[in-house]
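Colleague: The structure's right below; bear with me while I get my questions together.
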Amino acid sequence: MEQAVPSSPLEIVRSRIASAARIAGRKADQIALVAVSKTKPAEAILDLIAQGQRVFGENRVQEAQDKWPAIRAAHTDISLHLVGQLQSNKAEDALALFDCIHSLDRASVIAALGKAQEKLGRKVPCFVQVNIGAEEQKGGCTVAELPGLLDQARDAGIEVIGLMCVPPADIEPAPFFALLDKLADDHGLPALSMGMSDDFETAVQLGATHIRVGSALFGSR
Ligand SMILES: *Cc1c(COP(=O)(O)O)cnc(C)c1O
């Protein structure tokens, strides 16, 4: 039988995920594709929804508050993930809007989210972001801070499911993905949010459970 040639960006990304998973002996359905729609208009998002995509990511709370309530009113089965930095004063807004938070990275944010959970009576699964390349000016906790933050999150009643990273640009990402996988393993955490448009196949081969893909789906920003 002839194989259909994938045509849309979404089909192409899905088939690349499936190939990478096959090589690694994994199942493609173990990998959540988070379509990162930051800076993109509602039309582009609706186009992907029409093609069957249901998990989306945004990197700013304010932008998501502007764009998503209208889309979600019409599509109630969307899962919306916060992939960008969270400020303590936005924790409550973020919790009200998002279904998953990938970017817990410091004590003040964890404390604010814990309080917001109690106030709103709502919990969402979260990742702790690790500054895996120890880069200045980059989000994420240090490897040394990680155990303390995980303890703090547990005490605050936050459901941490895994670790997230954005490895340094312009170098081979595999060692950083492997290190994140080891850290998650050390702490008994099942989920790994890693891999973006340029490196998601490598991430899938190294155990990613959530890949965050923007430009490969929506075009460049
Ligand atoms: C923008 C963004 C992505 C997606 O990046 P692409 O290179 O466009 O795939 C993934 N993760 C985070 C945290 C982002 O801010």
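Coordinate-derived values only; no laboratory data. The structure displayed is predicted, hence computed values, not measured ones.
Colleague: Run the helix sum for the chain: -39,500 (n - 2.57) per DSSP H stretch of 4+ residues, divided by residue count, reported at 222 nm to the nearest 500 deg cm²/dmol.
Modeller: Details: 9 runs with 92 residues, N = 221.
So the helix-based figure for the chain works out to -12500 deg cm²/dmol.
Colleague: Once the mean 1/r over all distinct Cα pairs of the range 9-218 is inverted, what Kirkwood radius in angstroms do you read off?
Modeller: When all Cα pairs of the range 9-218 are included, the Kirkwood radius is 17.2 Å.
Colleague: Which distance in Å, rounded to a whole number, links the C-alpha centroids of the range 157-191 and the range 77-107?
Modeller: For the range 157-191 versus the range 77-107, the Cα centre distance is 18 Å.
Colleague: Still on this model: Given the options Ala184, Ala70, Ala28, which has the most mean-square fluctuation in a GNM of the chain, springs set between C-alpha atoms less than 10 angstrom apart?
Modeller: Answer for the Gaussian network model of the chain: Ala70.
Colleague: What pairs in Lys90/Lys123; Lys115/Lys182; Lys40/Lys90; Lys27/Lys119 have C-alpha atoms more than 27 Å from each other?
Modeller: Result: Lys115/Lys182; Lys27/Lys119 exceed 27 Å.
Colleague: Can I ask one more? Once phi is turned into θ = phi - 60°, what whole-Hz ³J(HN,Hα) does the Karplus curve with 6.51, -1.76 and 1.60 give for every residue of the range 98-107, x standing for Gly and Pro?
Modeller: Each residue of the range 98-107 in turn: 9, 9, 6, 10, 9, 10, 5, 9, 7, 4 Hz.
Colleague: Still on this structure: When only Cα pairs under 8 Å and 6 or more residues apart are kept, what is the percent relative contact order across the range 9-218?
Modeller: It rounds to 22 percent for the range 9-218.
Colleague: Enter the Cα centre distance for the pair the range 23-47 and the range 57-75, rounded to the nearest angstrom.
Modeller: Measuring centre to centre over Cα atoms gives 16 Å.
Colleague: Beyond 19 Å, how much of the Cα-Cα pair distribution for the range 30-115 remains, as a whole percent? Numbers along the way, then the final one.
Modeller: Values: 1294 of 3655 pairs.
Beyond 19 Å sits 35 percent of the P(r) for the range 30-115.
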